[in-house]
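Student: Below: one structure in structure tokens.
The values are calculated or read from the model by the stated rules, or taken from the named source; none is laboratory data. Small disclaimer: the values here were computed from a predicted structure and weren't measured. So basically every Cβ, Gly included, is an ideal-geometry build from the backbone, and we count neighbours across all protein chains shown. Quick note on the areas: whole protein, heavy atoms, side chains included, nothing else; ligands and nucleic acids left out. Shrake-Rupley method; radii C 1.70, N 1.55, O 1.52, S 1.80 Å.
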Amino acid sequence: MVLDKLGQSLNNALRKLARASTVDEALVRDVVRDIQRALITSDVNVRLVLELTKKIEKRALEEKPPAGVSKKEHIIKIVYEELTNFLGKEAKPIEIKAKPTILLTVGIQGSGKTTSVAKLARYFQKHGYKVGVVCSDTWRPGAYHQLKQLVEPHGIEVFGNPEEKDAIKLAKEGVEYFRKKGADVIIVDSAGRHKEEKGLIEEMRQISNTINPHEVILVIDGTIGQQAYNQALAFKEATPIGSIIVTKLDGSAKGGGALSAVVATGAPIKFIGVGEKIDDLESFDPKRFVSRLLG
Ligand code: GDP
């Protein structure tokens, strides 16, 4: 069972609209209230929810549907459009401006961080860049081998040392190693958070301060629903988040929690994970995401 209450509640609100025999002001306000409630109970910031729903309400009440489009259809379209705008109209890629561009990934254990690092490495390789992967996850013994297994068949090198316990040292050495080798993109995989939260957030902060990444990428499990907000917030305290990858959207999860992560960090989603394999990474498409969330 997928804990995606947000998608379901938004979907219910739209269904109420679709089922109504007449669309009047009272119904529009009622549906807008349902949307508000759905977003607020999913921990989306109240001020943002009010801004968003005010826009929906105003447009729904004032706009005349184009010829051949029913009022209902038009209002549903407005909801889609405004939610899409909320997520950032267009998919933005991660820019590779500096050489090397250093990317740091953060995320809770099990979120799909290690897999996403491999996917990103492959993505940049396919776009013609020379990529190096640094494993500084000293908490999960298998992480280094997992990364090697994923990327080495594609000729991508991993820097790491499963014996080393100092994550900051590893990250620093790894970046230096690939810098000397002339890499265009260096992706650093940090330790996932689990029970040792305070220590790991501090570690994240130190790694970030040491390697000075061009972008910090937060990996969020698309199936976790509302918990995404607090997770994202905790990471944001350690280091500014530049972009988000939402994983596991190949299953039935609608990814409603991702919306909360966007709100918590103020960062856009740039990629989604759609499977366990290295090529299962897609650029984020806000329109498609909203259709899925509401569909
Ligand atoms: P980490 O602990 O955050 O590094 O997580 P891993 O990368 O080891 O991933 C945890 C599990 O989720 C593994 O079994 C992965 O194969 C799986 N996984 C990661 N990303 C995806 C995805 O986009 N779709 C699916 N179905 N599984 C994924």
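Student: Would the range 67-186 count as rounded, prolate or oblate if I go by the C-alpha gyration tensor, calling it rounded below 1.5 in a/c and otherwise prolate when a/b exceeds b/c, oblate otherwise?
Tutor: On the way: a/c = 3.06, a/b = 2.25, b/c = 1.36.
Cα axes put the range 67-186 in the prolate bin.
Student: Taking amide H positions as placed 1.01 Å from N in the peptide plane, with prolines and chain starts having none, which residues 5 or more places from I244, or on another chain, fall under 5 Å of its amide H?
Tutor: L218, I269, K270, F271
Student: While we're here: Of F159, H214, Q109, which is farthest along the charge dipole of the chain in the positive direction, counting Lys and Arg as +1 and Asp and Glu as -1 at C-beta?
Tutor: Checked the options; the winner is H214.
Student: Does anything in the range 147-165 have its amide N under 14 Å from the 7 Å Cα→Cβ label point of K180, and if so which residues?
Tutor: Inside the label zone: 159-160.
Student: Which one, Q125, Q109, Q149, has the greatest fluctuation when you compute a Gaussian network model over the chain with C-alpha springs under 10 angstrom?
Tutor: Taking springs between Cα atoms under 10 Å, the residue moving most is Q149.
Student: Please give the length that would be gained between T22 and D250 if that part of the chain were fully extended, namely 0.36 nm times their separation in residues minus their C-alpha to C-alpha distance (nm, one decimal). The partial results should precede the final answer.
Tutor: Working: separation 228, 0.36 × 228 = 82.08 nm, distance 3.71 nm.
Between T22 and D250, full extension yields an extra 78.4 nm.
Student: Need the full-extension length gain, D279 to I40, defined as separation in residues times 0.36 nm minus the C-alpha distance. One decimal, nm. Please report the intermediate quantities before stating the final value.
Tutor: Working: separation 239, 0.36 × 239 = 86.04 nm, distance 3.51 nm.
Residue separation times 0.36 nm, minus the Cα-Cα distance, leaves 82.5 nm.
Student: Which whole-number percent gives the relative contact order of the range 1-124, counting Cα pairs below 8 Å spaced six or more residues apart?
Tutor: On the way: 61 pairs, mean separation 24.1, N = 124.
The normalised contact order for the range 1-124 reaches 19 percent.
Student: Assuming a ≥ b ≥ c are the square roots of the Cα gyration tensor eigenvalues, decide whether the range 209-254 counts as rounded (a/c under 1.5), prolate (otherwise, with a/b larger than b/c) or oblate. Could the numbers behind the result be given before it?
Tutor: Details: a/c = 4.10, a/b = 1.88, b/c = 2.18.
Judged from the Cα gyration tensor, the range 209-254 comes out oblate (a/c at least 1.5, b/c at or above a/b).
Student: Remind me, relative contact order of the chain in percent, using alpha carbon pairs under 8 angstrom and six or more residues apart?
Tutor: On the way: 559 pairs, mean separation 71.9, N = 295.
Averaging sequence separation for qualifying contacts and normalising by length gives 24 percent for the chain.
Student: Per residue, how many Å² of accessible area does the range 119-232 show with a 1.4 Å probe? Working shown, then result.
Tutor: Details: 5250 Å² over 114 residues.
Heavy-atom accessible area per residue stands at 46 Å².
Student: Next question, about the same structure. Please give, to one decimal in nm, the separation of the simple spin-label points placed at K126 and K54, each 7 Å out from Cα toward the Cβ.
Tutor: If labels sit at K126 and K54, their model points lie 4.3 nm apart.
Student: Using a 1.4 angstrom probe and counting only protein chains, how large is the accessible area of R140 in Å², to 10?
Tutor: Number for this one is 70 Å².
Student: Given the -39500 (n - 2.57) contribution per DSSP H run of 4+ residues, what per-residue ellipticity at 222 nm results for the chain, rounded to the nearest 500 deg cm²/dmol?
Tutor: Numbers: 11 runs with 148 residues, N = 295.
Dividing the helical sum by the residues of the chain leaves -16000 deg cm²/dmol.
Student: Continuing with the same structure: On a 0 to 90° scale, report how tilted helix 197-211 is relative to the longest principal axis of the chain, with both axes built from alpha carbons and the result rounded to the nearest 10.
Tutor: 70 degrees
Student: So what's the range 201-295 giving for Cα Rg divided by 2.2 N^0.38 Å, two decimals? Working shown, then result.
Tutor: Numbers: Rg = 13.4 Å, N = 95, 2.2 N^0.38 = 12.4 Å.
This ratio for the range 201-295 stands at 1.08.
Student: Using only Cα atoms, what Kirkwood radius does the chain have, in angstroms?
Tutor: Numbers: mean 1/r = 0.0499 Å⁻¹.
By the Kirkwood definition, the hydrodynamic radius is 20.0 Å.
Student: Express the accessible area of the range 248-295 per residue in Å², computed with a 1.4 Å probe while the remaining protein chains stay in the model. Intermediate results must be reported in sequence, preceding the final value.
Tutor: Numbers: 1800 Å² over 48 residues.
Accessible area per residue, the range 248-295: 38 Å².
Student: With angles folded into 0 to 90 degrees, how steeply does helix 46-62 sit against the dominant principal axis of the chain? Use alpha carbons for both and round to 10.
Tutor: 40 degrees
Student: While we're looking at this one, here's another question. Share of the chain's accessible area from carbon and sulfur, percent, 1.4 Å? Please report the intermediate quantities before stating the final value.
Tutor: Details: 6920 of 13750 Å².
Ligands and nucleic acids excluded, carbon and sulfur give 50 percent.
Student: Picking from S70, S190, S136, which is most flexible by a Gaussian network model of the chain using Cα springs under 10 Å?
Tutor: Among S70, S190, S136, the largest mean-square fluctuation in the Gaussian network model of the chain belongs to S70.
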